[in-house]
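The values are calculated or read from the model by the stated rules, or taken from the named source; none is laboratory data. In this text the structure is predicted, and so the values were computed from the model without any measurement. When we count neighbours, we look across all protein chains shown, and the Cβ atoms used for this are built from the backbone with ideal geometry, even at glycine. Remember, those area values only see protein heavy atoms, side chains included, never the ligands or the DNA or RNA. Shrake-Rupley method; radii C 1.70, N 1.55, O 1.52, S 1.80 Å.
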Amino acid sequence: EVGRARLTKLKLQEDELDRSSPGKKRSFAETHHALRLMESVAVCVSQNEPALLVGETGCGKTTLVQRLANLTGRRLLVQNLSLQTDSTDLLGGYKPLEMRHVARGVYDKFVDLFVSSFSRSQNEKFLKYVLSAMEKGDWKRLAQCFVKAAGMGEKKMKEL
């Protein structure tokens with residue numbers, strides 16, 4: 001209980017609490033003002049309502065929420081916001097990708113897997129064909145090569 005607010009206490013393991021609530025080890029002055037504010041935040045949490053804490057840097061907003069999270073055994077993710085905070089800082093954004101860059105990673109993994117399963121020397125012609133498709137940016141042909149290799153793998157598994 002925090003004042004008139006009742007929050008259920010979760011049982012997190014000690015190491016999880018240490019990582020999620022760094023405010024646990026700090027001292028917290030339970031002044032009348034701090035307890036009233038913690039009660040207000042706890043009521044918002046219990047009613048699943050958002051709360052906006054505003055104040056000068058270092059006045060205890062984060063510490064208060066860390067203390068509340070610690071008392072209730074909940075993990076807390078602290079995200080410091082400022083006037084320069086952009087929505088992409090919270091939600092992420094799109095990063096344009098070049099297909100060649102993505103395909104290179106897939107191709108490299110494919111070759112590693114392929115040569116660990118099949119003889120490189122016996123499949124040299126096929127591997128050159130795959131490399132040619134990669135270098136020319138012929139993604140349809142490259143995908144067809146991957147499908148063919150998957151079929152070869154399936155056939156090999158059935159033979160075992």
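Annotations
- Identification of helices (runs of 4 or more DSSP H) wholly contained in segment 53-149 with 3 or more residues that are open to solvent by 80 Å² or more (accessible area, probe 1.4 Å) yields 87-91, 99-117, 124-136.
- Hits in segment 56-107 - residues which are touching a helix residue (DSSP H, G or I) at 6+ places or on another chain (Cβ under 8 Å) and on the phi > 0 side of the Ramachandran plot: G60, G73
- Every residue from segment 30-52 that is touching a residue at least 40 places away in the same chain (Cβ under 8 Å) and open to solvent by 40 Å² or more (accessible area, probe 1.4 Å): V45, S46
- Residues of segment 78-114 classified as without any contact (Cβ under 8 Å) to a residue 12 or more places away in the chain and farther than 18 Å from Q144 by Cβ, total: 23
- The single residue among S132, S87 that is among the polar types (S, T, N, Q) and either touching a Pro at 6+ places or on another chain (Cβ under 8 Å) or closer than 30 Å to Q66 by Cα (or both) turns out to be S87.
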